[in-house]
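Inspection log for the structure reproduced underneath, given as structure tokens.
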Amino acid sequence: MALHLDLGRRGEALAKAHLESLGYEILDENWCYGKAEVDIIAYKNGTIIFAEVKARTGTGFGEPEDFVNERKQQLLATAADEYIYIMNHKGEVRFDIIAILFNKNTTYTLKHIEDAFWPSAQ
């Protein structure tokens, strides 16, 4: 497997474990709609959380969370709209980013940014 895919899968597994440790229920992983893929869809206290996971090995090009640009946010919003419709969810919705920065010695730092963005109307 390509190294960047392996890094992404490791990051998603860590993010999932993090959310579960905080009492989130994982509803879906790698859920696709159109051109969008939502890494993790979770549920807690009546809120559906659409989480984008970004894992990196360095900050030379920016922090991991910096890679969730406006286009990615719009794709996530489109997918979220469809998911909410399919699930007939009437509660709150939130978009989170889980940024994971791996160090050379296999340790990592995880930053969970709740309510990281709210996509603008299309």
Margin query: Exactly one condition in (1) at pLDDT 95 or above; (2) in a strand (DSSP E or B) is false for residue 12; which is it?
Written below: (2)
Notebook entry, point to check: Which residue pairs have Cβ atoms closer than 8 Å, lie 6 or more positions apart in sequence or on different chains, and pair a first residue in segment 37-56 that is over 11 Å from residue 8 (Cβ atoms) with a second residue that is at pLDDT 95 or above and among the basic types (Lys, Arg)?
Noted result: 40/16; 47/94; 48/94; 49/94; 50/94
Item checked: Conditions (1) within 13 Å of the chain's Cα centre (by Cα); (2) without any contact (Cβ under 8 Å) to a residue 24 or more places away in the chain: number failed by residue 25 -> (1)
Notebook entry, point to check: Is it true that some residue in segment 56-71 is surrounded by 14 or more Cβ atoms within 10 Å (Cβ to Cβ) and out of contact with any helix residue (DSSP H, G or I) (no Cβ under 9 Å at 6 or more places or on another chain)?
Noted result: yes
Next item on the list: Pull up segment 91-105, narrow it to residues that are surrounded by fewer than 16 Cβ atoms within 10 Å (Cβ to Cβ) and within 19 Å of residue 40 (Cα to Cα), then point me to the one that is farthest from the chain's Cα centre (by Cα).
Entry: 91
Next item on the list: State yes or no: is residue 41 buried (at least 19 other Cβ atoms within 10 Å of the Cβ), at pLDDT 95 or above and in contact with a Lys or Arg (Cβ under 8 Å, 6 or more places away or on another chain)?
Entry: no
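The values are calculated or read from the model by the stated rules, or taken from the named source; none is laboratory data. Nothing here was measured: the structure is a model prediction, and the numbers come from that model. Ideal geometry is used to build each Cβ from the backbone, glycine not excepted, and the neighbour counts take in all protein chains shown.
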